[in-house]
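**Q** Here it is, the structure in full.
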Amino acid sequence: MKILANKKIILGVTGGIAAYKSAILTRQLIELGVNVRVVMTESAQAFITPLTFQALSGNPVSLDLLDESAEAAMGHIELAKWADLILIAPASANFIARLANGLADDLLTTLCIATQAPIAVAPAMNQQMWAARPTQRNLNLIREDKRIILGPATGQQACGDVGLGRMLEPEQICQLLPQIFAPQILRNKHLVITAGPTREPLDPVRYISNHSSGKMGYALAQAALAYGAQVTLVSGPCDLPCPQGAKRIMVESAEQMLAACQQNITGDNIFIACAAVADYQYSQPAQQKIKKQQAELTLTFTRNPDILATIAKQKERPFCVGFAAETQHVESYARGKLNSKNLDMIVANDVSDPTIGFNSNQNAVTLLWHDGQQSFSAADKLDLSYELLTIINQHYEKKHSIKNS
Ligand code: C5P
């Protein structure tokens, strides 16, 4: 399921230094299969040329409401009807003020009142301008008009100030857009997802771990957010950025992961255990670095708690979904775990194939439940996550309606 593929987005670029990031945004949208038409305000053209956007979007760039040749190609009303979304990034303080007041004094503002499509703005301005009362008043007005506000982020600004007002990064904007189009099937539902590896310390500088990249769990979190869920992501060490809108708890060991899950899970949640948890921990992690004095070193390991099985045993038990990474007899081993760990569903994947599973961007899995199963052929982990969550949600709702009836 490619939520943004073939969507028609007008990217409005207004005057601000963040306009250079809109070139990258255009490229990323194109890579996601979006049909992009760029509309620039006059002041945007002082920062970046229309030619850049034309080359990146593969479409002519519209600049002026009163341009006869542009109107002949696609008139402003036609353009307003064409769009599935108008995304203004960067949106300057001045543009937000004009949008809030319904002005139609240039092409972009006119499109905004001529369209029925949703409108999203990614503000970008100096922190003082962001905090200014008129700006906040205008933001409240556009919120009331059901415009979607993406960001801004906080941090170092082009002018040297530090604070709120930076435009979100293009990849963060791309992560948030599916929420506008995806069915909100997980609205008012809370998902707790474990992801990545765990690290079990040997001494202050060494640990044992595994090759899990965290990509599958993070993709599930991102897809759940797009479906409107509240997401808590309990993550082992990995370099992936926190999905926009998730509450992320970083942990190291299996015991820490269990504690974080127990503190955050309630009985009505959906719990998806995607982490590759170390099965054993070193019995006595050394206080000081272990020195290479002996020719051989023998370490004794003790079993780690099984996080998923522990949670699935609780009295107030969430809807539990496990993952089974196997190298042979994939489905039968997974079905064994579905039963032995007392799960509602389990996702089985064959990690012997290097093109899918660990570290790869793709995965092919079978989702199993007690009286059925469904296979999904190799797909991008994010696309696969949308498919998996649709089925998981159907089973969750069925179980809850039975419970509540
Ligand atoms: O038993 P196995 O490790 O194959 O089970 C895999 C499933 O159990 C995964 O969902 C994994 O996240 C979970 N698990 C866990 N705690 C462990 C080991 C596995 O939650 N200690």
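The values are calculated or read from the model by the stated rules, or taken from the named source; none is laboratory data. Treat the numbers as computed from the prediction; the structure is a model and nothing was measured. Every residue, glycine as well, gets a Cβ built from its backbone with ideal geometry; the counts of neighbours run over all protein chains shown.
**Q** Counting only residues that are within 14 Å of the ligand (Cβ to nearest atom), give me the strands (runs of 3 or more DSSP E) lying completely in segment 292-392 with at least 2 of them.
**A** 301-303, 319-326, 345-350, 362-369
Quick grid of which residues meet (1) among the basic types (K, R); (2) assigned by TED's automatic domain parsing to the domain that holds A219; (3) in contact (Cβ under 8 Å) with a residue 12 or more places away in the chain; (4) touching a helix residue (DSSP H, G or I) at 6+ places or on another chain (Cβ under 8 Å):
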{"residue": "V121", "(1), (2), (3), (4)": "no, no, yes, yes"}
{"residue": "M129", "(1), (2), (3), (4)": "no, no, yes, yes"}
{"residue": "R133", "(1), (2), (3), (4)": "yes, no, no, no"}
{"residue": "N140", "(1), (2), (3), (4)": "no, no, no, no"}
{"residue": "C159", "(1), (2), (3), (4)": "no, no, yes, no"}
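**Q** Out of (1) more than 30 Å from I391 (Cα to Cα); (2) touching a residue at least 60 places away in the same chain (Cβ under 8 Å); (3) not in a loop (DSSP other than H, G, I, E, B), what's the single condition that is false for A23?
**A** For A23, the exception is condition (2).
**Q** Further question: Sort out which residues of segment 189-205 are aliphatic (A, V, I, L, M), out of contact with any Phe, Trp or Tyr (no Cβ under 7 Å at 6 or more places or on another chain) and crowded, with 20+ Cβ neighbours inside 10 Å, and write them in order of number.
**A** L191, I193
**Q** Something else about it: Quick check on my filter: what residues within segment 286-312 are charged (D, E, K, R) and more than 20 Å from S209 (Cα to Cα)?
**A** K291, K292, E296
**Q** When you scan segment 205-215, do you find a residue that is assigned to a loop (DSSP other than H, G, I, E, B), within 16 Å of the ligand (Cβ to nearest atom) and not polar (S, T, N, Q), even just one?
**A** Taking every residue of segment 205-215 in turn, at least one turns out to be assigned to a loop (DSSP other than H, G, I, E, B), within 16 Å of the ligand (Cβ to nearest atom) and not polar (S, T, N, Q).
**Q** Which members of segment 263-280 meet the condition of being buried (at least 21 other Cβ atoms within 10 Å of the Cβ) and not in a strand (DSSP E or B)?
**A** Answer for segment 263-280, where residues must be buried (at least 21 other Cβ atoms within 10 Å of the Cβ) and not in a strand (DSSP E or B): I265, N269, C274, A275, V277, A278.
**Q** Another question about this same structure. Name the residues in segment 246-260 that are surrounded by 17 or more Cβ atoms within 10 Å (Cβ to Cβ) and either on the phi > 0 side of the Ramachandran plot or among the aliphatic types (A, V, I, L, M) (or both), would you?
**A** Answer for segment 246-260, where residues must be surrounded by 17 or more Cβ atoms within 10 Å (Cβ to Cβ) and either on the phi > 0 side of the Ramachandran plot or among the aliphatic types (A, V, I, L, M) (or both): A246, I249, V251, A254, M257, L258, A260.
**Q** Let me confirm something: among K337, K315, K341, which residue is more than 21 Å from H211 (Cα to Cα) and modelled with pLDDT under 95?
**A** It is K315.
**Q** May I ask you to list the residues in segment 238-264 that are within 15 Å of the ligand (Cβ to nearest atom), over 17 Å from I311 (Cβ atoms) and under 20 Å from the mean Cα position of the chain (by Cα)?
**A** Listed by number, the list holds a single entry, C238.
**Q** Suppose we filter segment 149-166 for residues that are closer than 19 Å to F95 by Cα and part of a strand (DSSP E or B); how many remain?
**A** So the count comes out to 5.
**Q** Looking only at segment 259-274, which residues are under 17 Å from K341 (Cα atoms) and polar (S, T, N, Q)?
**A** Q262
**Q** Within 15 Å of the ligand (Cβ to nearest atom) and surrounded by 19 or more Cβ atoms within 10 Å (Cβ to Cβ): which single residue out of L177, L233, L186, L168 fits that description?
**A** From the options L177, L233, L186, L168, the qualifying one is L233.
**Q** If Y280 satisfies all but one of (1) more than 16 Å from the ligand (Cβ to nearest atom); (2) in contact (Cβ under 8 Å) with a residue 60 or more places away in the chain, what's the number of the condition it fails?
**A** With respect to (1) more than 16 Å from the ligand (Cβ to nearest atom); (2) in contact (Cβ under 8 Å) with a residue 60 or more places away in the chain, Y280 is out only on (1).
**Q** Taking segment 26-47 on its own, how many of its residues are surrounded by 20 or more Cβ atoms within 10 Å (Cβ to Cβ) and assigned to a loop (DSSP other than H, G, I, E, B)?
**A** Qualifying residue count for the region: 2.
**Q** So, one more: Which of the residues that make up segment 50-101 are surrounded by fewer than 20 Cβ atoms within 10 Å (Cβ to Cβ), at pLDDT 95 or above, touching a strand residue (DSSP E or B) at 6+ places or on another chain (Cβ under 7 Å) and assigned to a helix (DSSP H, G or I)?
**A** P50, W82
**Q** Can you tell me which condition R137 does not meet? The list is (1) in a helix (DSSP H, G or I); (2) surrounded by 13 or more Cβ atoms within 10 Å (Cβ to Cβ), and all the others hold.
**A** Result: R137 fails condition (2) only.
**Q** Tell me, yes or no, whether segment 224-232 has at least one residue that is in a loop (DSSP other than H, G, I, E, B) and among the aromatic types (F, W, Y).
**A** yes
**Q** Given (1) under 23 Å from the mean Cα position of the chain (by Cα); (2) buried (at least 21 other Cβ atoms within 10 Å of the Cβ); (3) over 24 Å from A348 (Cα atoms), identify the lone condition not met by G228.
**A** Answer for G228: the failing condition is (2).
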